Amino acid sequence: MTALSTDAPIGVFDSGVGGLSVLRAIRAALPMEDLLYVADSGYAPYGDRDAEFIADRATTITELLLDAGVKAIVVACNTATVVAIEKLRAWCPVPVVAMEPAIKPAAQTTKSGVIGVLATSRTLASPSVARLCAAYGKDIAILLQPCPGLVEQVEKAQLHSDVTRELLVGYLSPLLLAGADTIVLGCTHYPFLAPLIREIVGPDLAIIDPATAVAKELARRLQGNLLPVSAERAAEVSFFSSTAAEPASMIISALWGSRVLVQDVSQLGYRAQRLGLISTGF
């Protein structure tokens, strides 16, 4: 692979629109970097899929982003991270930054000694979460709460509906009854539900979203690989989806907070040719 320009874009992907919460943090931390975001909403949610399927999708999207000439990739999906990150890093020629549930900072934050982790069933059943619980759960109770249905609500931008509230109340109530004073958002879709979660749990509980930490790690990796942008410039954010462009544009615009144009993910393969970027041959 030929050396990439420092002005090449950064690729970010998720099983759907949830990774926009991470994209927002990256945009705030690195405003001069061009960003390519892929929402794999046509195959969401990943949380109920088998590991082979998730790994195949993560590999396919990574290859598309490499063909688009990215200089780094952020896996903005906890489920894809726990299933596929080791395989991706074994062959991917650019830095790969990934997610993990913020159990460590939650363990350091709690005063009651009880924390709750909201995530998909696949994430919570992973060796990665088991490792985190073993490392940081010696003196505290870590309550793992699978949340089927929440990803689908965010994918529809149903952030304040009665159905979404009912699901959240059902998932949060046992954590509150057990004395949890800290809630970990272990899926990138869930930060979009943080205002509703706050309404339900009240003002005193800590709600931890790892997006800012991921953005900081990305900045550190870019510096370490001498890949930050070379000069001040007006950066662009481009959006792609594996669902139909028109409904994807409506949902992503609603969650992003401004009107955006979403392209079919197949267009990533042509982006490098149009802009004269380097193709990796995948």
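Below are the figures for this structure:
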| read-out | value |
| --- | --- |
| For region 103-209, convex hull of alpha carbons as volume per residue, Å³ | 85 Å³ |
| Potential lengthening between ARG89 and GLN108 on full extension [0.36 nm per residue; Cα-Cα distance subtracted] | 4.0 nm |
| Estimated FRET transfer efficiency when R0 is 35 angstrom, pair ALA254-ARG220 (beta carbons, to 0.05) | 0.65 |
| Trypsin sites (Lys or Arg not before Pro) within region 46-125, DSSP loop, no more than 10 other Cβ atoms inside 10 Å | LYS111 |
| Candidate lysines - alpha carbon under 22 Å from LYS87, same-chain residues fewer than 8 apart omitted | LYS71 |
| Sparse-neighbourhood loop sites, trypsin sites (Lys or Arg not before Pro) in region 167-269 - DSSP loop, at most 16 other Cβ within 10 angstrom | ARG233, ARG259 |
| ALA51-ALA234 FRET efficiency (beta carbon distance; Förster radius 35 Å; 0.05 resolution) | 0.30 |
| Separation between Cα centres of region 197-261 and region 8-29, rounded to whole Å | 4 Å |
| Of all DSSP beta bridges in the chain, antiparallel share, percent nearest 5 | 0 percent |
| Contour excess over end-to-end distance, with Cα ends at VAL169 and ALA141 and 0.36 nm allotted per residue | 8.0 nm |
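Values quoted throughout were computed directly from the atomic coordinates according to the rules given, and no laboratory measurement underlies them. The model shown is predicted, which means the values in this text are computed figures rather than measured ones. Here Cβ is always computed from backbone atoms with ideal geometry, including for glycine, and neighbour counts include all displayed protein chains.
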